[in-house]
Amino acid sequence: MSDEETYADFATVRDHLLNAEARRKNLTYEQTAALQHAEWAASEGRMGYKTDPKVFQEVLNAVLEIEVFQDHADLAAKIAELLPEKAEEVRAVTGSRRITVSDADVEQVLTLVAQHVGFE
């Protein structure tokens, strides 16, 4: 990941937009829509548990250590945001770029997610 590229999870986006709203007293229509989506996506309503920026960053860093994801930081960020619990979910993300990910790498991703989120 270059210095210019950064990836943020929904909880971080929500927090930034809430801070902007507090400073400015109002948001544009687009910002309001983004805030509503980020609030939903970071809530328990989406996956059954709230997302945490710290967990997102930890999972992102861990996934980036897997060789196949080192050149695909965007896919690693998507995995960190989705926190997949099943191999099919990992393959759906990697399939968008048509990269080949071994079963061992998929299992490693699932193990990392389980360790960081507490599924184990």
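Points to keep in mind about this one:
- Unmet requirement for GLU21, which otherwise passes all of (1) surrounded by 14 or more Cβ atoms within 10 Å (Cβ to Cβ); (2) under 24 Å from ASP105 (Cα atoms); (3) modelled with pLDDT of 90 or more; (4) over 11 Å from the mean Cα position of the chain (by Cα): (2)
- Tally, over the range 41-83, of residues that are among the small types (Gly, Ala, Ser), in a helix (DSSP H, G or I) and crowded, with 16+ Cβ neighbours inside 10 Å: 6
- Test for ALA11: is it surrounded by 15 or more Cβ atoms within 10 Å (Cβ to Cβ), among the aliphatic types (A, V, I, L, M) and either part of a helix (DSSP H, G or I) or over 16 Å from the mean Cα position of the chain (by Cα) (or both): yes
The values are calculated or read from the model by the stated rules, or taken from the named source; none is laboratory data. These numbers were taken from a predicted model, which means no experiment stands behind them. So basically every Cβ, Gly included, is an ideal-geometry build from the backbone, and we count neighbours across all protein chains shown.
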